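Here is the structure we will look at, set down as structure tokens.
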Amino acid sequence: MLKLFRLVRPFRALLTVVLALAFAQSLANLYLPRLMADIVDHGIVPGDTLRILEIGALMLLVAVLGTGCAIGASFFSSRVATGFGRTLRERLFERVARLSVHQFDQVGTASLITRTTNDTTQVQQVLIMLLGMAVTAPMMAIGGVVLSLSQDAQLARVLVAIIPVLSIVLFLIMRGAVPLFQQMQIKIDRLNLVLDEGLTGVRVIRAFDRGAHESRRFDEANVDVTATAIAVNRLVALLMPSLFLTMNLTSVSIIWLGAGRIDAGEMQVGAMLASLQYAIQILFAVFMVTAVFVMVPRAAASAARINEVLDVVPDVNDPVTPAAGEVTTGLVQFDNVTFQYSGAEEPALSGVSFTARPGETVAIIGGTGSGKSTLVGLIPRFYDVNAGRVIIDGVDVRNRRLEDLRAAIGYVPQKAVLFSGTIAANIRVGHDAATDEEVRRAAGVAQAAEFVDALPGGYESAVSQGGTNLSGGQKQRLAIARALVRGARIFVFDDSFSALDFATDARLRAALRSGTAGATVFIVSQRIGTVRDADRIVVLDDGRVAGIGTHAELIRDCAVYREIADSQASLGDVA
Ligand code: ADP
Ligand code: MG
């Protein structure tokens, strides 16, 4: 947690102000009982009205100043703490954005959300509390003890007896609460996970009538969090009463003992009242420290979870010294590439070699799970090869800045993802500065123009979160337009035509010929019809290249390809 608190550094000036104000406030608080003792003792001397008014005015002034400082301190400490929270969330988000695809999967979306929101808040709250007591509590405790000793050493003994009692009680409560607090974070994580799955999978849940089952699952997680929260709060609820009990017991003993001593003429009333005040201040300081220590373990658990994310070193990085700048031609070579997902037992790709030249369309075909998506994901470096090289324009992709590399690639993912906003804005994700004309042209090539023009709002029509107000085929076509508008050197269509009917698929591919002229085009598909016109077809089988060639060559020479073709022939697709 200390490591995280380093993030308050930019707020050093504010922090100094907070601590100074807290210091002034503590001084005021320590001074007040003294003045009160004075006024009481003078009050007993008849006729000294002026002096009483004088001291009274001073008390008022000190009280007002003290309160002002207290308000100022909490105002500025809130600023520091919320600023800290903001920086922390920013850091987390930045880091998450830089993680490679499978590093991202390792933590999981639900947990990343909890870590960015709830966990950050926990740490932030402890920071507020720490700032509130860092100066005040020690000053009040130590100053209080010293000053009450100076008032009356006898009465101060009450404190010697009572502080250990309070400390033990507080310690016992804490020991019970701390593990529960730590469990809370894990249970909230679980709750978010179930909620996240329930919301993103809502269609599947409805279709398979799993609503009741999901409700039960959510309920379990929900009840679990609730039970822990109740248990923890029960314990914490004991804090206040035990504090007040000790305070009141202390007051009674001080008044009891004090009354006797005043009666015997050994002490003045003012001194007793001052001792009473100091005792309460001291106990309150002890209480504050405990309250912070109750919060610290929970926040420490949160801090550890945050650090887990901040400490992940992104495994796809810019090279220290880039060997080349922008991609100019778009020649792509796979040189004996082997890739294995971390945690997988077998490589998803082994010994893959082939070349794709500018102006060529290279199709990649193979059954599901044969490694097609994995293969094309290596081009924009979603992850890096385990062995071999992916070379673009003669330079290993790892030796180019990610920005330069990705600027040259128009990538259409297998599952089209759109963002909330307008259709035009979604297409411009590919190229911010694209003119309306360019957006329209890209949509035209992607065969999206027709349905977009038919929408009431045209290109300004809204796309809902995740594009749920569009059909699968419409989303795919917008995702294609988004890639095309980039004017890239390399285009990757990962099974991007699967949701299109055969006629649209054919028209799209014909339009692509001109829309991607001069670029290197990768088309991933499972349909022979989609790949047969390609300049070169790479047949993948279980992560290995089973054959490379044109449609005619492969029909003649490649058993795997023939098998796929035969299985689809009956569909009238390979006519
Ligand atoms: P295709 O696109 O040809 O259907 P993929 O490239 O998606 O196939 O997957 C190839 C193999 O890699 C499959 O066996 C799949 O189970 C595995 N795989 C895909 N993604 C991951 C991942 N993120 N982690 C582990 N294994 C994966
Ligand atoms: Mg795939």
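Rule-based calculations on the coordinates, nothing more; no lab input. Predicted model, so just to flag it, every value in this text is computed and none were measured. Because the Cβ atoms are built from the backbone with ideal geometry, glycine has one as well, and the counts that use them run over all protein chains shown.
Figures for the structure shown
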| item | result |
| --- | --- |
| Euclidean distance between Cα centres, the range 287-358 to the range 363-411, Å | 15 Å |
| Per-q log10 I(q)/I(0), the chain, q = 0.05, 0.09, 0.12 Å⁻¹ (Debye; single scatterer per alpha-carbon; no solvent) | -0.40, -0.84, -1.20 |
| Percent of C-alpha pairs per 10 Å bin, the range 225-284, short to long | 21, 34, 20, 13, 8, 3 |
| Coarse-grained scattering of the range 406-533 at q = 0.14, 0.17, 0.21, 0.22 Å⁻¹, given as base-10 log I(q)/I(0) from a Debye sum over alpha-carbon atoms | -0.53, -0.80, -1.26, -1.39 |
| Overall form of the range 156-241 per C-alpha gyration tensor (a/c, 1.5; a/b vs b/c) | prolate |
| Mean-position separation - Cα centroids, the range 499-575 and the range 207-235, in angstrom | 50 Å |
| Per-selection Kirkwood Rh - the range 168-294 (Cα, Å, 1 d.p.) | 18.6 Å |
| Sorted by Cβ density within 10 Å, fewest first, the residues VAL232, VAL312, VAL146, VAL539 | VAL146, VAL312, VAL232, VAL539 |
| Listed peptides 73-79, 520-526, 118-124, 251-257 by packing density, highest first (mean Cβ within 10 Å) | 520-526, 118-124, 73-79, 251-257 |
| Amide H contacts of VAL492 (H built 1.01 Å from N, under 5 Å, at least 5 apart or other chain) | GLY410, TYR411, VAL412, PHE522 |
| For the range 332-574, with +1 on Lys and Arg beta carbons and -1 on Asp and Glu, the positive-most of ALA449, VAL385, TYR561 along the dipole | ALA449 |
| Lysine pair number, Cα distance threshold 29 Å (strictly under), the chain, separation 8 or more or different chains | 4 |
| Antiparallel content of DSSP bridges confined to the range 332-574, in %, to 5 | 50 percent |
| Cα gyration tensor category, rounded, prolate or oblate, for the range 498-575 with a/c compared to 1.5 | oblate |
| Helix-only [θ]222 nm of the chain, DSSP H runs n ≥ 4, -39500 (n - 2.57) each, per residue, nearest 500 | -21000 deg cm²/dmol |
| Whole-number Å³ per residue for the convex hull built on Cα positions in the range 332-574 | 127 Å³ |
| DSSP bridge pairs, the chain: antiparallel proportion in percent, nearest 5 | 50 percent |
